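In what follows, a single structure is set out as structure tokens and then discussed.
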Amino acid sequence: MPEFSVLKIIDLFSFFYRVMGVNYAVMRQILQIKLLMDRRRVPAVLASSGHKNEANAFNKSLLTYGFIGIIFVIFIFLPLPLFIKMNLTMGMIIFMVAMTMVAEFSTVLLDTKDKTILLSKPIDSRTVNAAKMTHIIINLLTIIVVMAGPSLVVGLFVHGFLFFVLLFGELLLVSGFILFLTSFFYFFMLLFFDGDRLRDVINYFQVVFSLVMMVGYQFIGRIYSFVDYDFVFVIKWWMYLLPSAWFAAPFSLVLESKVDDHLVYLSLLGLLVPVLLWVLYFKFATGYFEKNLYKLDRAATRKRKTLESRALKYKKLYSYIMPDTSENIFCRFAQNMISSERSLKLRLFPNLGLAAFLPLIMLINLLVGTDSVNQSLSYISHGPFYLSIYITVFILSASITTMNSSEMYKGAWIYKALPIESPGVILRGALTGFVLKYLIPIYLFVCLLFTPLYGISLVPHILLIFLNMLLLIILIFRMSPKELPFSKGMQSGRSVSLGIFLGSLVFCSITAGLHYTLQDFYIGLIIYIIVVFLVTATLWKASAKITWKDVV
Amino acid sequence: MSTEAVITIKDLKMSYGPKQVLKGINLEIYRGQVIGYIGPNGAGKSTTVKILLGLVDGYSGAISILGEDIDKGGVAYKRKIGYVPETVEIYDNLTAYEYLTFIGEVYGLDLKQVDDKAKKLMSLLGIEEVYHSRISSYSKGMKQKLLIISSVIHNPDILFLDEPLSGLDANSVMIVKEILAELVALGKTIFYSSHIMDVVEKISSRIILINDGQIVADGSFVELKEKSKQGSLEQIFNQLTGFNKHKEIAHEFITELQGV
């Protein structure tokens, strides 16, 4: 078993554990196993890319956090008052670390399995709890060190040693604050929801977390243009509600020697609240929390009549689009699968979110830094900026291959046990279900963002882009290997092959180029629309001819 | 009992790589029989069932089910068979409602009809309150009940059951056994794989013992008993699979424990 250096650090504190009546040798062994299991888990930050090598996944996720940490360094160099700067830094650290705790370490916080395994052995519950707490703290401190480390080092050189000491102390307080925040969040959720709902909520957090990271990267490069240089700040009452302000105040107080009542009060809050929360957490919350954990393993009973009538309605609705009954069945099956398969959602939804917001982000980037918003809006509405919807098309179309994988891929035997003549109905039905439920609504959403700028004149353009998207989807579908939906493991490699990626890129560039040259030539545009429509329709029609021998 | 063969297997052979798991199985199964299909771990029981269901390819030999040669690629016969797999690997992120209506619809039932039927069957087995919960949140027994329902929801003529009673409580076991008895009375055929010899002994009208890819015994319990001069199916099983060292192994096991 590998020896973890973290454990050697904890060995230094073994005295405290012994004083508290913990069997340190046993606790150390439990921790060793837990850390080993951590190394084998694929972290949520990386889940969307699909990694083959599990052992490296953990280190890679630390690298990702480290990269985020390096981005935080940018805040130190911003030409802003120190108080605002530290507010931003602290705010970002609190936000990112709390998100990571919810997204990554829910398994640690919400572990109910360890009790049945450990407590049936001659190990007292104090030792088990100490191991759990230490494990959580190790995780928390690791993320904080990795994310805040770069700021700490750069701050040492830019602002001096005092800054370093101050930030270090603040980070310890922040970690207590975050620990309380995340456990309180879970505690709150457990009060109202049963296990499955809580897992859904955690899943959405993971999705949002991935999306925030993806979208965040788009803004980082332009962060300087967002900053208003002539900005004068005054401390307002609502700043007392911002935890980041509590932790930023001491910097202004100590480093700039600004003696201000508000700054003193804020600093005191920053000291008192986390200490109070630490005490509260260990005194009361943990016990209460553990008592409620049993809810996680309980099957919920729900009566949902509406679901049944809704399924009937959708079946009827889809029968107009799909004349084949089997396809209709697999269409709804795929929709149910996607909406309930959490690891699939974690891989899929951040991409869909990115597809929805990337054109918008590009527009915002155009607006920022110009003198007048009205001027740039009219500038945008006179140019063919709707062509940026092709980015959405690109991301959405490439996402269809994600449907092949599932955490429950072993359940795929059912396709063969059922009386299905041709797997074409499975594949095309599932594809149609995905396009109808996810891709089309996102596409319409993006189009809706552009309509205020262009008005009715946008209609032929979005129609053409839509048809091009369907064409690209069916091309990808026909060219990629015929894998049954949800039949491959999540770890079976990247979701999008390089060939499909490059092919889609070429396709989008060419069609967008063609679209661009035809934009003001309406007859040409209409002919183009008709041609794409005919080609797409023919390809869709002929795409279900797949035999069981073609399926891989 | 009629003499109409519902399943005919001729010289079925199957290899996984260099390892031959089925070394020529010949079998005729008649309507209304309850076949107790038994054998040690790795003898080829599950493989036989998977081949019959069309889950596994690459075998040699001829198999016909309900008069249809399954190698011809037709799937019509699958409408008339139901299957309870041994390992509970299903798409358990779905709810029972989603899973059962999906399966029922593929078997050609109407959505409304299968919904009502599934709900009724779930409530008869006492698990109607989790109809709209994820299957992954079920206990072992609930999952087993769901699998049983999913295997019979289309009213099949042949049932393949692999350890169908595992995880069920004593009362549910009685219900399921009674259901099986009534199905047989209706002329259905049941192919029952299990390691629990007592149950196989009681419910089977014909017992087939497979060892190392070959059939080593075939007949009713009474016939097997006469042939082998043993009192219980368990003893027959031990005798025919050539296993008589259970006492020595158990003893060694205990000695090892005591040594600590």
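Derivation of every value follows stated rules applied to the coordinates shown; laboratory data play no part. As the structure is a prediction and not an experimental result, all values here were calculated from the model. With ideal geometry, Cβ positions are generated from the backbone for all residues, glycine too; neighbour counts draw on all protein chains shown.
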Inset, instruction - For chain A, give the magnitude of the charge dipole about the Cα centre (Cβ charges: +1 Lys/Arg, -1 Asp/Glu; no others), in debye to the nearest 20. - result: 2080
Inset, instruction - Going by C-beta contacts inside 10 Å, put A:Lys34, B:Lys229 in order with the fewest on the left. - result: B:Lys229, A:Lys34
Legend entry - Antiparallel %, DSSP beta bridges [both residues in the protein assembly as shown], to 5: 55
Inset, instruction - Just list whichever of B:Lys72/B:Lys112; A:Lys488/B:Lys50; A:Lys60/A:Lys132; A:Lys482/B:Lys45; B:Lys119/B:Lys145 have alpha carbons separated by over 22 Å in the model shown. - result: B:Lys72/B:Lys112; A:Lys60/A:Lys132; A:Lys482/B:Lys45
Legend entry - Exposure proxy ranking, count of Cβ atoms within 10 Å, fewest first, for B:Thr48, A:Thr182: A:Thr182, B:Thr48
Inset, instruction - State the percent of C-alpha pairs, over all pairs in chain B, separated by a distance greater than 23 angstrom. - result: 56
Inset, instruction - Please figure out what share of the DSSP beta bridges in chain B is antiparallel and state it in percent, rounded to the nearest 5. - result: 55
Inset, instruction - Let me know the mean shielding of B:102-111 by other chains, meaning the per-residue number of their Cβ atoms within 10 Å of its Cβ. - result: 5
Legend entry - Cβ-placed point charges (K, R +1; D, E -1), dipole of the range A:327-550 about Cα centre in debye, nearest 20: 800
Inset, instruction - Determine one quarter of the surface area of the Cα convex hull of the range A:327-550, which equals its mean projected area, and express it in nm² to one decimal. - result: 13.2
Inset, instruction - Over all alpha-carbon pairs in chain A, figure out the percentage whose distance exceeds 33 Å. - result: 54
Legend entry - Relative contact order computed over chain A (Cα-Cα under 8 Å; 6+ residues apart), in percent: 16
Legend entry - Fewest-first sequence of A:Lys115, B:Lys19 by Cβ atoms within 10 Å of each Cβ: B:Lys19, A:Lys115
Inset, instruction - Could you give the size of the charge dipole of chain B about its Cα centre, using +1 on the Cβ of each K and R and -1 on the Cβ of each D and E, expressed in debye and rounded to the nearest 20? - result: 260
